[in-house]
1. For region 9-20, what does the Karplus curve 6.51 cos²θ - 1.76 cosθ + 1.60, with θ = phi - 60°, yield as ³J(HN,Hα) per residue in whole Hz, taken in order and with x for Gly and Pro?
2. Measure off 7 Å from each Cα along the Cα-to-Cβ vector at Asn4 and Ala97, then give the distance between these two points in nanometres to one decimal.
3. If each of Glu46 and Ser84 carries a label point 7 Å out from its Cα toward its Cβ, how far apart are those two points in nm?
4. Take the alpha carbon gyration tensor of region 7-51, find the square roots of its eigenvalues, order them as a ≥ b ≥ c, and report rounded if a/c is under 1.5; if not, report prolate when a/b exceeds b/c, else oblate.
5. In whole Hz, with x marking every Gly and Pro, tabulate ³J(HN,Hα) for region 28-34 from phi via Karplus 6.51 cos²θ - 1.76 cosθ + 1.60, θ = phi - 60°.
6. Given H placed 1.01 Å from N in the peptide plane, which residues other than close sequence neighbours of Arg6 have an amide H under 5 Å from its amide H?
7. Could you estimate the translational diffusion coefficient of the chain from the Stokes-Einstein equation, with Rh from the Kirkwood formula over C-alpha pairs, at 25 °C and 0.890 mPa s, in whole µm²/s?
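Taken together, the values in this text are just the output of simple stated rules run on the coordinates, not laboratory data. What you see is a predicted model, and the numbers here were worked out from it, not measured in a lab. Every residue, glycine among them, receives a Cβ derived from its backbone with ideal geometry; neighbour counts consider all protein chains shown.
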Amino acid sequence: MAVNFRTGKYDTARHTPGSAITAGDVVELGTTLCGIAHQDIAANVEGILAVGGGVYDAPATSGDVIAAGDKLYWNGTVAEEASSGGVPLGYCVEPKADGETTIRFRHDSW
C-alpha cells in the first residue's frame, strides 16, 4: 500500500532516483529524512519529493496501538512507533487502534 496525501502544505526538494519511484512511495533520504513522491519519477530523472508538512495515510502493523502525537518511523514497509532502525517519518495525528492497518500522520522529520 502506498502512502496517500490527505491535506495540507508541504515542503519539497529535488531528487534524482537511481530507480523509478511511484507516486505514494516513501523514499529514505539517509537515516534522518524521508521524502514522499506525489508523482511518478523515472530512474535517473530529476523529480520532486515532499520532505515535510502535509497529512498522509500510511500502512501500519495491525497490532500496534499508537496515540495522537506519538513519533512515527518508516521501516521500509510500514509506519511504526518503534524506531528500531527506521527513518523518522512524522507524528501520528489520529489515534490508531489495534486491528487498524492504516495510520494518519503529519510528515515531519523533527
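1. 9, 9, 8, 10, 9, 6, 8, 10, x, x, 9, 4
2. If labels sit at Asn4 and Ala97, their model points lie 1.9 nm apart.
3. 4.0 nm
4. Here region 7-51 falls in the oblate category.
5. Result, rounded to whole Hz: 6, 10, x, 9, 10, 8, 10.
6. Residues meeting the criterion, in which the H sits 1.01 Å from N, are Val55, Tyr56, Asp57.
7. 179 µm²/s
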